[in-house]
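Structure record follows, encoded as structure tokens.
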Amino acid sequence: MAETFSSGDAQCLPIYGGGGTTDSNSPYALLLRLLRSHSPTSSELFSYLGLFVSVGTLLFLLGIAVTATAIGFIVFIPLIIISSPIWLPVFIVVGVFLSVAGFLVGTLALASWTYRYYRGMHPVGSNQMDYARSRIYDTASHVKDYAREYGGYFHGRAKDAAPGA
């Protein structure tokens with residue numbers, strides 16, 4: 001903002017290249033004031049410089065990586081095509097081995113959790129299991145009581161229907 005003095009006049013800085021005029025309403029003066037009020041500090045300038053250098057370095061490394069990958073594919077595609085009858089069985093054997101190993105680890109983990117649950121050691125998630133069991137038991141007893149009191153779910157549903165239905 002422009003400073004005001006005791007006489008009430010506003011002091012404006014001269015605009016360079018403007019012929020020395022101090023007209024505070026000119027668009028150049030407004031633009032200059034706006035630029036000065038939003039100019040970054042020296043620490044912000046250094047952070048922008050660091051950001052620029054970091055992004056430039058990473059883009060350069062990305063270009064090198066993409067170029068090396070493309071050249072590698074060009075060089076090794078004939079070798080991959082020639083040796084493909086070997087790679088396919090290797091991938092199948094490795095995939096089957098990893099699948100079996102994963103299922104085995106999962107089965108052992110499930111067996112261990114079940115053993116600890118039934119021995120009363122309270123493994124992780126046992127409270128949710130107890131809650132689900134109690135909900136199932138409550139629902140089953142509700143169904144049994146309803147069947148006993150009203151003659152079942154399927155025999156006498158007419159009284160449950162809405163009037164006029």
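The values are calculated or read from the model by the stated rules, or taken from the named source; none is laboratory data. Small disclaimer: the values here were computed from a predicted structure and weren't measured. Ideal geometry is used to build each Cβ from the backbone, glycine not excepted, and the neighbour counts take in all protein chains shown.
Quick look at the values:
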read-out	value
Residue match in the stretch 4-27 (condition: part of a helix (DSSP H, G or I), at pLDDT 75 or above and among the small types (Gly, Ala, Ser))	no
Filter pass, Ile136 being of a type in the set (A, V, I, L, M), under 34 Å from the mean Cα position of the chain (by Cα) and assigned to a helix (DSSP H, G or I)	no
Every pair of residues 6+ apart whose Cβ atoms lie under 6 Å, when the first sits in the stretch 106-118 and is part of a helix (DSSP H, G or I) while the second is small (Gly, Ala, Ser) and modelled with pLDDT under 95	Tyr117/Ser126
